[in-house]
Amino acid sequence: IDEALLLAQRFEWHLEPVRQTQTKQGVEVTVNHASREYLDNFFKNKKLFGAYAGRNPYYLENLVFYVQIANRSDKKVFVDPGAFVVVDDRGNQYAVVGVDYVTALAEARAPFATATRGAIEGASPGYFGFSLPLGKMVSAKPQGQFALLKQSSLQGGYYHPGVIHDGLVAFWNPSVNATKVRLRIADIKAGFSADNLPQTSLDFEFDFTATK
């Protein structure tokens, strides 16, 4: 209970090494700690987001990773980002923070928010595992933020041979007393049988040294 008071605090983590890659059974996973500078530049990139580029929708309470998963095997795999977790050296485990939680935090922080462009228009198909532009003005800030978060998040589902998907995955900040964190890209289903049943579950663990 005492440890709970130290979680999801407002500060920026610095993780090393910043970028790591692992490959198992033809599935290649690359993770990159998305710092505040990384996210600020990312969401301001007009080449990616066009007229809708703007403010980083994540908060200092969030620990965010850029994740790329490439299926270089000859069979489909199934990815569920909701199964990913972060574990710290204080014995705490953190589930993925859904876009609903982040936008709810935005609504609480800015109840009188002004209109914002919150959709992505003209994004490259497959760049984040999506290709559908919303192409409209979203007038309520929480809704606009939801759209931006949803479009830039790593999408789950079947990844067929040769497919590469990438996007962002967010968690609540670990304990302020943590010095190491582990990101588990967990339970990627592989080796599907003729009955469409997975025969293998792949886990990828990435260890980081954490400093504030």
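The values are calculated or read from the model by the stated rules, or taken from the named source; none is laboratory data. Quick caveat, the model's predicted, so the values are computed rather than measured. Note: ideal-geometry Cβ built from the backbone for every residue, glycine included; neighbour counts use all protein chains shown. Calculation scope for accessible area: heavy atoms of the full protein, side chains included, ligands and nucleic acids excluded. Shrake-Rupley method; radii C 1.70, N 1.55, O 1.52, S 1.80 Å.
Couple of notes before you dig in:
- Those residues of segment 8-34 which are crowded, with 16+ Cβ neighbours inside 10 Å and either touching a helix residue (DSSP H, G or I) at 6+ places or on another chain (Cβ under 8 Å) or at positive phi (or both), in sequence order: ALA8, ASN32, ALA34
- Only residues that are open to solvent by 60 Å² or more (accessible area, probe 1.4 Å) and outside any strand (DSSP E or B) were counted across segment 163-212, and they come to 7.
- Members of segment 37-66 found to be of a type outside the set (A, V, I, L, M) and open to solvent by 60 Å² or more (accessible area, probe 1.4 Å), listed by number: GLU37, TYR38, ASN41, LYS44, LYS46, LYS47, ARG55
- All strands (runs of 3 or more DSSP E) inside segment 69-113 with 3 or more residues being of a type in the set (A, V, I, L, M) and modelled with pLDDT under 85: none
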